[in-house]
Amino acid sequence: MTAEATATSSYWLNWRFFVCSIFILFYFVVATILISKFEGRKRSNQQGREDQKVAPGEVYEEEAWNTCLKSIHPAWLLGYRMFAFITLLTLLVTNVIIDGISIFFFYTQWTFTLVTTYFMLACVISIHGCQKHWAQARCDTEQGTDVSLRETADASNESGHSDDRKLAGGWIYAFQIMYQAAAGASMLTDLVFWIILFPYLGSIPYGIDLILIVCMHSVNAAFLLCDAILNCLRFPFFRIAYFFLWTCFFVLFQWLVHAYFNLWWPYPFLDLTPFYAPFWYLAVGTMHLPAYGSFALVVKLRESLLSRLFPESYRKIT
């Protein structure tokens, strides 16, 4: 069946579309359950006790702009985020100039835009955080506050007394959600391209097109991985729910567009014509777990290695 038949009812009213719809609905249900159960809630054994545990969905304001090591000034993270944002924005604009607005028909550009937006918001938050950091340092200098006492207070906060820290507002929560959704989507984009799509490309372009292809399917995840090594953001696994939703919305967008217009599919595994189409949907859906898990593993390795190598400087987030 050709692309010109995608807008006909026979293309959609069949068992293949029904099975794929079940897969999408399943991911929506799982995402909804995870978000409703864990997002933003604080659980404790008993109100007022000191052994309160921070729920995985809670985010504190300083986590968004602080570095994982106290010896690294937050300004370094700000500088890195500004460099990443400028580079990503330049690549995205260049891609639009060369290939037109139609590039946003692809999941790659959706994700690349999400990563670019994340770093744009990261720059704003880091600037605000650096201002607070410098203001606090100036205040401590003027009042003659002992640095060792402040470090002791910081260590106390990080060891579990999280009530002394300021809970994040809506923008920080959106930032955290964007970070984790972009991390999974970037890893998935790169894995699918280099493992599934790239080996079957009929011809490989050269010049600026080749550079864009390589960059669009590599620097997004690379920048996020470097940011994950520097920052002190937690990476609770339940936020894979937003990664699921991100991909589901893309698939629904494609289905809606193809239901009304006779267009080609941006990715061959989205085409519902072959009898094995549901297997492709299931396979790509299953790849969400290793894609997200691999990024989460990097964060765990960072925590393990840096806490051992720099026990006095590592900023433990609980």
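The values are calculated or read from the model by the stated rules, or taken from the named source; none is laboratory data. Worth saying up front: this structure is predicted, and the values here are computed from it rather than measured. Here the Cβ positions follow ideal geometry from the backbone for every residue, glycine too, while neighbour counts run over all protein chains shown.
Descriptive notes on the structure:
Matching residues to (1) on the phi < 0 side of the Ramachandran plot; (2) without any contact (Cβ under 8 Å) to a residue 40 or more places away in the chain; (3) over 11 Å from the mean Cα position of the chain (by Cα):
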| residue | (1), (2), (3) |
| --- | --- |
| SER218 | yes, yes, yes |
| LEU230 | yes, no, yes |
| PHE235 | yes, no, no |
| TRP246 | yes, no, no |
| PHE250 | yes, no, yes |
| PHE253 | yes, yes, yes |
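- Every test in (1) of a type in the set (Phe, Trp, Tyr); (2) surrounded by 19 or more Cβ atoms within 10 Å (Cβ to Cβ); (3) not in a helix (DSSP H, G or I) is passed by PHE223 save one, and that test is (3).
- If you go through the range 291-318 and pick out every residue that is surrounded by 13 or more Cβ atoms within 10 Å (Cβ to Cβ) and either closer than 17 Å to SER186 by Cα or not hydrophobic (A, V, I, L, M, F, W, C) (or both), you end up with 15.
- Odd one out for ILE125, checked against (1) in contact (Cβ under 8 Å) with a residue 40 or more places away in the chain; (2) farther than 23 Å from PHE243 by Cα; (3) not aromatic (Phe, Trp, Tyr): (2)
- Restricting attention to the range 56-111, the residues being in a strand (DSSP E or B) and closer than 16 Å to LEU230 by Cα number 2.
- Checking the stated criteria, ALA31 turns out to be buried (at least 16 other Cβ atoms within 10 Å of the Cβ) and either at pLDDT below 95 or in contact with a helix residue (DSSP H, G or I) (Cβ under 9 Å, 6 or more places away or on another chain) (or both).
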